[in-house]
Amino acid sequence: MLGATLVLPDAVPDEASVRYPNVLLLPSWLPRNRDGNYDTDGHPGWFLPPADDASPGLLARLAEAFATLGVASLRADPRGCGTSEGDWEEATLFAKIDDARDLLAAMRGRPELDLRRSGIVGHGEGAGIALAVAIGDPAISALTLIGASARSWRETLRRAAATRGREGAEHEHPIVAAIDRWSEDLIERAERREGHLTLPLRGGESATLALAPIEQAIHTPPLALATMLHRSVALVHGGSDSWSDPDEMALLATALTDAGTPPQTRLLAGVGHDLAEASDAVIGEVAADLASRLLPRELPPVLLAIEEMG
């Protein structure tokens with residue numbers, strides 16, 4: 001069971017028969033809550049507690065922006081985070097993809113939502129999940145991928161760990177510092193298909209990660225997924241992203257263009273992976289762009305039947 005929040009716009013559609021366009025919001029890697037912030041409650045030894053004046057997470061900001069545009073949104077706590085059941089440390093990449101599909105199915109069971117106008121926002125790891133889901137779902141109108149990587153998890157982590165090692169970015173969080181220190185062990189043991197690796201954290205605590213999710217991520221690069229997608233895509237990247245270098249956006253854009261789907265791209269100078277430095281106006285622009293691309297799609301027979309049932 002996953003805990004989630006469905007946000008409906010205050011404005012009522014112009015006609016009773018009109019349903020809200022809608023967007024699924026998918027978070028980045030590491031344990032996070034449905035708002036997109038680190039899951040400090042469920043994993044207190046992994047992250048510093050949030051400051052009293054901490055801003056809302058990226059997904060919460062996007063949900064609010066979409067609501068003002070008349071677009072509904074759904075965001076959920078990943079497995080083992082927030083109020084969701086399960087264990088984040090054991091959740092495989094393929095399980096996360098299945099969860100995203102189930103969340104879309106839940107949205108399609110809501111009579112307020114338009115089955116023909118659905119989109120996905122994927123942040124970080126969520127971008128790869130969004131690609132995997134959209135490839136096999138002809139009813140998805142458009143995607144926005146934020147802080148997406150292009151290459152294998154192996155190359156992305158190595159570059160990110162080196163960058164953070166030089167700059168100390170996010171090393172205030174014990175789990176980030178441990179991942180960077182033991183990055184090569186994570187990669188090598190995952191590729192050997194070992195079961196788990198225990199990382200020592202500051203304060204005498206530890207974190208035990210299943211390696212199957214990492215092994216799957218290594219062999220499922222978004223670059224390969226992008227070649228199979230034929231849908232409207234926008235790429236947004238922070239210029240100071242310490243998890244996925246902005247070069248990844250350029251690589252992903254090239255792959256999408258070569259596959260016949262040239263994306264829109266937007267680089268935000270001085271902005272990190274979670275877009276925390278971006279103004280509400282910029283977040284609103286990102287939401288407005290996706291809202292404008294939620295054009296009606298032809299539905300497969302099963303969704304036509306659901307639509308007809310109302």
Please give the number of the condition GLY70 fails out of (1) on the phi > 0 side of the Ramachandran plot; (2) buried (at least 20 other Cβ atoms within 10 Å of the Cβ).
(2)
In the list ILE97, ILE120, which residue meets the criterion of being in contact with a strand residue (DSSP E or B) (Cβ under 7 Å, 6 or more places away or on another chain) and among the β-branched types (Val, Ile, Thr)?
ILE120
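Results for (1) closer than 18 Å to ALA130 by Cβ; (2) in contact with a Ser or Thr (Cβ under 8 Å, 6 or more places away or on another chain); (3) crowded, with 16+ Cβ neighbours inside 10 Å; (4) among the hydrophobic types (A, V, I, L, M, F, W, C), shown as yes or no for each residue.
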residue: LEU8; (1), (2), (3), (4): no, no, yes, yes
residue: PRO27; (1), (2), (3), (4): yes, no, yes, no
residue: ASP39; (1), (2), (3), (4): no, no, yes, no
residue: PRO44; (1), (2), (3), (4): no, no, no, no
residue: LEU48; (1), (2), (3), (4): no, yes, no, yes
residue: ALA63; (1), (2), (3), (4): yes, yes, yes, yes
residue: ALA76; (1), (2), (3), (4): yes, yes, yes, yes
Do any helices (runs of 4 or more DSSP H) lying entirely in the stretch 200-310 carry at least 1 residues that are free of Cβ contacts under 8 Å to residues at least 40 places away in the same chain and touching a Gly at 6+ places or on another chain (Cβ under 9 Å), and which ones are they?
246-258
Every listed condition ((1) part of a strand (DSSP E or B); (2) free of Cβ contacts under 8 Å to residues at least 40 places away in the same chain) holds for VAL12 save (1)
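One line per residue, one yes/no per condition, for (1) out of contact with any Lys or Arg (no Cβ under 9 Å at 6 or more places or on another chain); (2) closer than 27 Å to ARG266 by Cβ:
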position: ILE146; (1), (2): yes, yes
position: ILE175; (1), (2): yes, no
position: SER183; (1), (2): no, no
position: ARG192; (1), (2): yes, no
position: LEU201; (1), (2): yes, no
position: ALA207; (1), (2): yes, no
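Can we say ARG19 is among the basic types (Lys, Arg) and either modelled with pLDDT under 95 or surrounded by fewer than 16 Cβ atoms within 10 Å (Cβ to Cβ) (or both)?
On the way: among the basic types (Lys, Arg): yes; either modelled with pLDDT under 95 or surrounded by fewer than 16 Cβ atoms within 10 Å (Cβ to Cβ) (or both): yes.
Spelling it out, ARG19 is indeed among the basic types (Lys, Arg) and either modelled with pLDDT under 95 or surrounded by fewer than 16 Cβ atoms within 10 Å (Cβ to Cβ) (or both).
Would you check which residues across the stretch 164-196 are outside any helix (DSSP H, G or I), without any contact (Cβ under 8 Å) to a residue 40 or more places away in the chain and not acidic (Asp, Glu) and list them?
Just the residues of the stretch 164-196 that are outside any helix (DSSP H, G or I), to begin with: 168-173, 182, 192-196.
After this cut, where a residue has to be without any contact (Cβ under 8 Å) to a residue 40 or more places away in the chain as well, the list is 168, 171, 182, 192-196.
Across the stretch 164-196, the qualifying residues are GLY168, HIS171, TRP182, ARG192, ARG193, GLY195, HIS196.
The values are calculated or read from the model by the stated rules, or taken from the named source; none is laboratory data. As the structure is a computational prediction, the values presented were derived from the model and not from experiment. Reconstructed Cβ throughout: ideal geometry from the backbone, glycine too, with neighbour counts over all protein chains shown.
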